[in-house]
Number of protein chains: 2
Amino acid sequence: MTHTKISDSAVRRLSIYLRLLHDLSDQGAVLVSSRELAERAGATSAQVRKDLSLFGSFGKRGRGYSVAELAATLEEILGLRRHWRVALVGVGKIGTALLGYQDLSRRGFEVVAAFDTATGKVGGRQFGVRISPLAELKTIVRERGVEIGIIATPPEAAQNVAQRLAEAGVTAILNFAPVKLDVPEEVSLKTMDVAMELEGLSFQLAAGQRDEQTTGNGTGSGAG
Amino acid sequence: MTHTKISDSAVRRLSIYLRLLHDLSDQGAVLVSSRELAERAGATSAQVRKDLSLFGSFGKRGRGYSVAELAATLEEILGLRRHWRVALVGVGKIGTALLGYQDLSRRGFEVVAAFDTATGKVGGRQFGVRISPLAELKTIVRERGVEIGIIATPPEAAQNVAQRLAEAGVTAILNFAPVKLDVPEEVSLKTMDVAMELEGLSFQLAAGQRDEQTTGNGTGSGAG
């Protein structure tokens with residue numbers, strides 16, 4: 001079965017269900033209904049059943065899902081029943097925050113290499129990870145079988161780094177640099193861009209104010 | 001006109017077009033065709049024309065868009081022709097990285113208050129912003145007319161902070177804590193969750209490997 005066509009938002013919901021199942025398991029729950037899962041996830045039970053049915057049929061009518069089985073299946077679907085080897089490029093503030101984020105390795109994302117260009121950083125260690133010079137990226141990424149690259153460089157360096165990662169065989173990139181990257185078709189790319197998320201929020205705030213003005217509920221102030 | 005129904009991905013593309021227009025303007029360009037904008041944005045020209053037509057008609061057939069006019073209109077649509085007052089809650093590594101991210105204020109997002117609970121941090125300053133105790137959140141947020149809250153606290157504190165922000169009148173929240181927040185309907189919420197983005201990538205990597213195995217093109221190696 002081809003799973004690559006599932007929408008990003010459906011995959012996000014699977015991640016959310018999985019976290020809820022882990023919480024339920026910690027609390028000693030054995031079964032969970034689609035309604036309970038839906039309530040905790042802020043979705044409808046129809047949505048939950050639809051999302052899960054994409055991957056086969058789970059649960060018994062009227063009894064609910066087995067928390068342990070459903071969690072195991074979701075981990076399998078999300079590729080989390082194994083460890084992924086991650087390389088971090090750019091050990092500035094965001095990069096350092098990521099290295100210190102222990103939840104990543106608990107979730108199966110092991111940072112096995114970190115790179116920077118600053119002479120004060122190269123050769124040192126952050127949270128147990130040695131920082132190597134960018135010039136060694138290709139060799140080290142290949143040697144260590146890195147599968148996922150995280151780019152946390154200044155924007156002007158990001159495209160070049162993406163290209164080096166792809167050439168070294170990395171097929172998934174998480175990009176924190178506020179710039180649009182060109183990557184080969186076989187590379188999966190996700191970008192986390194704070195300014196863009198804030199612009200999404202300001203769009204909604206501004207749209208709300210425009211709507212208020214249009215419907216005459218607003219005083220028209222504040223938009224200056 | 002109600003703009004609130006536009007999809008998140010369309011709004012993201014508007015942000016991307018706007019950045020490209022600023023780049024073009026810096027390079028001295030006066031006009032740009034939908035094809036050129038599409039190529040730079042990694043979209044089709046039909047997509048560009050459709051996105052822009054949502055907000056009225058721009059450009060003259062065969063001549064292209066005026067770079068300056070289109071940029072000004074997109075800034076207006078995205079709510080960027082004014083400054084938004086932002087409060088940051090949680091001045092750890094991610095919070096500090098955000099305070100140091102000068103691009104935010106250039107784009108119109110001014111951090112006017114920061115909060116933490118750690119006695120070592122409260123009373124100090126980071127990048128010119130004074131760190132206040134969390135207990136003063138409501139008073140300060142109201143006094144300074146904060147519109148957007150950024151939550152960069154540990155996950156267990158995030159829901160309580162979201163509630164305080166909403167009660168203080170904040171109507172847009174950007175959440176970095178890896179937890180699902182409940183917010184009142186009138187509050188716009190965006191979550192930036194590194195683990196979830198990585199899970200989206202591992203889903204794609206795992207799906208690719210499953211597909212390879214199914215179609216027999218792969219050697220089945222590497223999946224451990």
Checking residue A:192 against (1) at pLDDT below 95; (2) surrounded by fewer than 19 Cβ atoms within 10 Å (Cβ to Cβ), only one condition comes out false. Which one? (2)
Can you name the residue in segment B:130-143 that is of a type in the set (A, V, I, L, M) and in a helix (DSSP H, G or I) and, of all such residues, is farthest from the other protein chains (Cβ to nearest Cβ)? B:135
If you take the residues in segment B:195-224 that are among the small types (Gly, Ala, Ser) and part of a loop (DSSP other than H, G, I, E, B), which one is modelled with the highest pLDDT? B:216
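For segment B:164-186, give me the residue count where each residue is in a strand (DSSP E or B) and over 16 Å from residue B:138 (Cβ atoms).
3
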Return the only residue of A:94, A:77 being touching a Phe, Trp or Tyr at 6+ places or on another chain (Cβ under 7 Å) and more than 29 Å from residue A:155 (Cα to Cα). A:77
Given the options A:203, A:127, A:176, name the one that is surrounded by fewer than 19 Cβ atoms within 10 Å (Cβ to Cβ), within 14 Å of chain B (Cβ to nearest Cβ) and in contact with a helix residue (DSSP H, G or I) (Cβ under 6 Å, 6 or more places away or on another chain). A:127
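Here is a yes/no grid of residues against (1) in contact with a strand residue (DSSP E or B) (Cβ under 7 Å, 6 or more places away or on another chain); (2) closer than 30 Å to residue A:131 by Cα:
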residue	(1), (2)
A:66	yes, no
A:70	no, no
A:100	no, yes
A:111	yes, yes
Of (1) touching a residue at least 40 places away in the same chain (Cβ under 8 Å); (2) out of contact with any Ser or Thr (no Cβ under 9 Å at 6 or more places or on another chain); (3) not in a strand (DSSP E or B), residue B:153 satisfies all except one. Which? (2)
For segment A:148-166, state whether one or more residues are surrounded by 16 or more Cβ atoms within 10 Å (Cβ to Cβ), more than 9 Å from chain B (Cβ to nearest Cβ) and either of a type in the set (S, T, N, Q) or in contact with a His (Cβ under 6 Å, 6 or more places away or on another chain) (or both). yes
Residue match in segment B:102-116 (condition: crowded, with 17+ Cβ neighbours inside 10 Å, farther than 30 Å from residue B:164 by Cα and free of Cβ contacts under 8 Å to residues at least 40 places away in the same chain): no
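The values are calculated or read from the model by the stated rules, or taken from the named source; none is laboratory data. These figures come from a predicted structure and were not determined experimentally. With ideal geometry, Cβ positions are generated from the backbone for all residues, glycine too; neighbour counts draw on all protein chains shown.
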